[in-house]
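Asks: A single structure is presented below for examination.
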Amino acid sequence: MESNAIISINRVNFYYGAVRALTDISMKFRKNKVTALIGPSGCGKSTLLRLLNRMNDLIDGTRVEGEILFEGQNIYAPDVDPVEIRRKIGMVFQKPNPFPKTIYNNIAYGPKLTGVNAGDLDALVEQSLKQAVLWDEVKDIMSKSAMNLSGGQQQRLCIARALAMKPDILLMDEPTSALDPISTAKIEELIEELKKDYTIIIVTHNMQQAARISDETAFFYIGNLIEYNKTEKIFTKPEVKQTEDYITGRFG
Amino acid sequence: MNRQTKEIIIKYIFLLFALVSVIVLGLIVFSLFREGLPLFTEVSVKDFLFGMEWYPTYDPPSFGIFPLIVGSLIVTLLATFIAVPLGVMAAIYISEIAPQAIKETLKSVIELLAGLPSVVLGFFGMVIVAPWMQETFDLPTGLNIVNASVILAIMAIPTISSISEDALYAVPREFKDASYALGATKFETIVKVILPAAMSGISTAVMLGMARAIGETMVVLMVAGGAAAIPESLFDSVRPMPASIAAEMGETPYRSSHYSALFAIGIVLFCLTLAFNLIADYVSHKFRQIGSGTL
C-alpha cells in the first residue's frame, strides 16, 4: 500500500476542546482509488474526513497534532492557506446542500471565485454536470432554482459543483444517507465512474455500500484506526476481532 | 365541570385576549377616520395631499400637507440611507465575524440603544448636534433635515440590526459549509451566499426600520426645525407629519377644521406605515416561497 499515496496522515491527534476525537492516526490514501471509512457513529470517521480539507478549522476550539501530507506538503503547516487546500480537495456533504441559487449559478459559484472567465464558464458548467450525470435532466432548466430538484438530483448537483473546481480529491461524507435506493444507486454508479479521474474518500454507514464501491476500507472505533486494508480483505478475512464483529453486525 | 368543558373555556379565554389588540386597533382606526374624514367636506383630497401651503390658522385657512409629506419622506429616506449600511453591517459583524465575547457586548449595547427614550435622543440632537452643525457648516439653523435624519437613523439602527441578525442566523449552516468547501473565503461566503439567503429578512428589517422612522414624533418635533415648506437643500428645516400633529394638537379647538386636518394627517401616516408593513410582509413571504433562486 506504499505506492502512489496522495495523502499521508502521520500520527494525527484531534481535539474538540479537551475531548480527544482521534487518537494517533497514521494512514495513507492512494491515488485514483475509492477509500471507504466505516465505523459506528462517533468513531471519528467524519472528523477525519473534515480534517483532510481543513473544514474543522471552522469549528471553534479544535486542535490538531501531527501532520497531514497532501502531495508531500503538510496542509497544517502555518504558511498553508486553507482556501487553497479546499480548492484542490472537494467535499460532498451528507445532506444535499445546493445554494438557493439557479442550477447554473450553483455550479458556476466555485469557478467564479477562482476567476474563470465567462466564456469558459458555460463549457465548464456543462462538463461538470455531464460528469455528474445530471446534464440531461437539467439542461433545459438551468435558470431555475436548484431547490426545485429532487434530493438525488440535488446531491448530484453538489457533486457536479465540487467537480467544477477540478479537484484532485473528492471527500464524501455519507453522501447517500439522505437518499432513496434509486438515487443511491445512481450516486454509486457515478462514484465508480469518477474514480478514473479522482481520488475518492467516502464515509459511509452502509457496509454493503462500502463493500460495493470501495477499493480500500478503513475501520474506526472510538477515535482509533482499528484496521485498514483492501476492501475484499476487510469484508472476507478481517484481521481484528472488532472489525469482524462490526461488519457482521454484532455491534454498532 | 368536566375536562372538555374546561379546555373549551380556556380556549375562548385566550381567544378573547388575542382579540383585545385587534379590537383596540379597530377602534383607533375607526376614531381616526371619524375625526379626520369631515375635513374632506371642506377641502378636496387632492388639495389636501398636494396643496403646497399649510396655514391652518389663517383666515381662510389652507390645508395643503404636501410640504409635510415631503418633510417626512425626506428625513425617513435619508435616515434609511444612513441606518441601513450601519445596521446591516453591524448585524453581519455580530452574527458572522465577531468573537463570542465581543458579540455579547455589542448585542447588549445595541439593545440599550433601542431602549433610549426618543426624547433623550431629541435632546442630544438639539443641544449638541444642532449648535455644532450650525457653527461648523455656517448654517442659519442646526435644526434641519440632516440633523433629524441622523438622530432617526440612530433610532432605526437597533431595529434593522437585530432583525437582520436573526435573518443571518437563520441561514442554514449547510450553505456556509458548501461555500467554504468550495474554497470561498469568509468574505466571499458572506457576500455571495449568506447575504442573498438572508435577503428577505434583511428587507423586512429595512422596511420595519423605515416604518419606525416615519412614525417617530419626538425626534422630528425637536430637531427637524418645523418649517412647513418644501426644502431646497438638505440643510433646510422641515416639518414632518408627526411633528405637525404633536405641535398643533394642543392649540386646536375641538372638531374645528384644523382639528380634522390633523386627524387626516394621522390617516395619511397610518396608511404609510401600513404600506411599509405590508411591503415588509410581502417581501418576506415572496422570498420564502421561491427561495432567492434567481439571485
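Asks: Is at least one residue of segment B:191-210 open to solvent by 50 Å² or more (accessible area, probe 1.4 Å), more than 16 Å from the chain's Cα centre (by Cα), within 19 Å of A:Cys158 (Cα to Cα) and modelled with pLDDT under 95?
Replies: Yes, segment B:191-210 contains at least one residue that is open to solvent by 50 Å² or more (accessible area, probe 1.4 Å), more than 16 Å from the chain's Cα centre (by Cα), within 19 Å of A:Cys158 (Cα to Cα) and modelled with pLDDT under 95.
Asks: Do you know which of the residues in segment A:71-90 that are open to solvent by less than 10 Å² (accessible area, probe 1.4 Å) and in a strand (DSSP E or B) is farthest from the other protein chains (Cβ to nearest Cβ)?
Replies: A:Ile89
Asks: Please specify each residue of segment A:136-164 satisfying the condition of being open to solvent by 50 Å² or more (accessible area, probe 1.4 Å), part of a helix (DSSP H, G or I) and within 13 Å of chain B (Cβ to nearest Cβ).
Replies: The answer is A:Met147, A:Asn148.
Asks: Of all the residues that make up segment A:1-43, how many are assigned to a loop (DSSP other than H, G, I, E, B) and under 14 Å from the mean Cα position of the chain (by Cα)?
Replies: The total comes to 3.
Asks: Can you report the number of residues in segment A:165-184 which are open to solvent by 40 Å² or more (accessible area, probe 1.4 Å) and assigned to a helix (DSSP H, G or I)?
Replies: Residues flagged as open to solvent by 40 Å² or more (accessible area, probe 1.4 Å) and assigned to a helix (DSSP H, G or I) within segment A:165-184 amount to 2.
Asks: On to the next question. Of all the helices (runs of 4 or more DSSP H) wholly in segment A:185-252, which have at least 3 residues that are more than 21 Å from A:Leu22 (Cα to Cα) and among the acidic types (Asp, Glu)?
Replies: The helices (runs of 4 or more DSSP H) meeting that bar number zero.
Asks: If B:Ile128 satisfies all but one of (1) of a type in the set (Val, Ile, Thr); (2) within 20 Å of the chain's Cα centre (by Cα); (3) more than 29 Å from B:Lys186 (Cα to Cα), what's the number of the condition it fails?
Replies: The one condition B:Ile128 does not meet is (2).
Asks: Another question about this same structure. Counting only residues that are among the small types (Gly, Ala, Ser) and under 18 Å from B:Tyr93 (Cα atoms), which one in segment B:185-209 is nearest to the other protein chains (Cβ to nearest Cβ)?
Replies: Per the criteria, the residue is B:Ala197.
Asks: Show the residue pairs meeting these rules: Cβ distance below 6 Å; 6+ apart or different chains; first residue within segment B:102-129 and modelled with pLDDT of 95 or more; second residue open to solvent by 80 Å² or more (accessible area, probe 1.4 Å) and of a type in the set (Val, Ile, Thr).
Replies: none
Asks: If you scan segment A:183-221, which residues turn out to be within 23 Å of A:Thr236 (Cα to Cα) and of a type in the set (Val, Ile, Thr)?
Replies: A:Ile191, A:Ile200, A:Ile201, A:Ile202, A:Val203, A:Thr204, A:Ile213, A:Thr217
Asks: In segment A:115-135, is there at least one residue being assigned to a helix (DSSP H, G or I), within 9 Å of chain B (Cβ to nearest Cβ) and either within 17 Å of B:Lys176 (Cα to Cα) or open to solvent by 50 Å² or more (accessible area, probe 1.4 Å) (or both)?
Replies: no
Asks: Hey, does segment B:258-276 have a residue that's assigned to a loop (DSSP other than H, G, I, E, B) and surrounded by fewer than 16 Cβ atoms within 10 Å (Cβ to Cβ)?
Replies: No: segment B:258-276 contains no residue that is assigned to a loop (DSSP other than H, G, I, E, B) and surrounded by fewer than 16 Cβ atoms within 10 Å (Cβ to Cβ).
Asks: If I filter segment A:92-108 down to residues being open to solvent by less than 10 Å² (accessible area, probe 1.4 Å) and facing chain B (nearest Cβ under 8 Å), which single residue comes out as nearest to A:Ser46 (Cα to Cα)?
Replies: A:Asn97
Asks: Being open to solvent by 10 Å² or more (accessible area, probe 1.4 Å), closer than 30 Å to A:Asp173 by Cα and in contact (Cβ under 8 Å) with a residue 60 or more places away in the chain: is that true of B:Lys186 here?
Replies: Yes, satisfied.
Asks: Just the residues that are crowded, with 22+ Cβ neighbours inside 10 Å and within 19 Å of B:Ala211 (Cβ to Cβ), please, taken from segment B:239-257.
Replies: Selection gives B:Pro240, B:Met241, B:Pro242, B:Ala243, B:Ser244.
Asks: Looking only at segment A:1-45, count how many residues are surrounded by 14 or more Cβ atoms within 10 Å (Cβ to Cβ) and among the acidic types (Asp, Glu).
Replies: 1
Asks: Let me ask another. For residues that are touching a Lys or Arg at 6+ places or on another chain (Cβ under 7 Å) and surrounded by fewer than 21 Cβ atoms within 10 Å (Cβ to Cβ), scanning just segment A:46-70, find the one that is farthest from the other protein chains (Cβ to nearest Cβ).
Replies: Per the stated criteria, the residue is A:Gly66.
The values are calculated or read from the model by the stated rules, or taken from the named source; none is laboratory data. This is a predicted model, so every value here is computed, not measured. We place every Cβ from the backbone using ideal geometry, glycine too, and count neighbours over all the protein chains shown. Heavy atoms of the whole protein, side chains included, go into the accessibility calculation; ligands, DNA and RNA do not. Shrake-Rupley method; radii C 1.70, N 1.55, O 1.52, S 1.80 Å.
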